[in-house]
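Have a look at the structure below before the remarks.
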Amino acid sequence: METNAYKISLNYNQVLELVKQLPKKDKARLSKELAKDAIDVRLTRLLNSFLTDELTEEIITEEVENVRAEIYAKKKEN
C-alpha cells in the first residue's frame with residue numbers, strides 16, 4: 001500500500017474548525033496527544049533548568065550523607 005504525504009498550511013482557526021468536525025472519541029484522543037506534548041515540553045524545560053556544571057556527583061553524595069546523618073541523629077535522640 002502506497003501512502004502519499006501532503007503538506008498544507010492551515011491557520012489556527014482552520015485547524016479549530018476541522019477539530020470541531022471530529023467525532024468525540026477522536027477529539028478525546030487528540031486532546032490526550034496535545035496534553036502529552038505539553039507535558040513533554042514542560043518537563044524538558046524543568047530538567048534543563050536543573051542543568052549545571054557546578055554540581056558534581058561528589059557534592060550530591062556528600063549532601064545526601066549529611067542529611068542521612070541528621071536524620072539518624074534525630075531518630076537516636078527519640
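Counting other C-beta atoms within 10 Å, and keeping those with at most 14, which DSSP coil GluC sites (Glu not before Pro) do you find in the range 1-67?
Passing sites in the range 1-67 are GLU2, GLU54.
Any chance you could run the full-extension gain for LYS24 through LEU43? It's 0.36 nm times the residue separation minus the Cα-Cα distance, nm to one decimal.
Using 0.36 nm per residue and subtracting the Cα-Cα distance, I get 4.0 nm.
Trypsin sites (Lys or Arg not before Pro) within the range 1-52: which are DSSP loop residues with at most 11 other Cβ atoms inside 10 Å?
For trypsin sites (Lys or Arg not before Pro) across the range 1-52 that sit outside H, G, I, E and B with at most 11 neighbouring Cβ atoms in 10 Å, the list reads LYS7.
Using only the Cα atoms of the chain, what are the Rg and Dmax in Å?
In Å, with Rg to one decimal and Dmax whole: 25.0, 74.
Just subtract the alpha-carbon distance of THR56 and SER31 from 0.36 nm times their residue separation and send over the number in nm, one decimal.
5.0 nm
Every read-out reported here was derived from the displayed coordinates using simple, explicitly stated rules and does not represent laboratory data. Everything numeric here is computed off the predicted structure, so don't read it as measured data. Glycine gets a Cβ as well: all are built from the backbone with ideal geometry, and neighbour counts include every protein chain shown.
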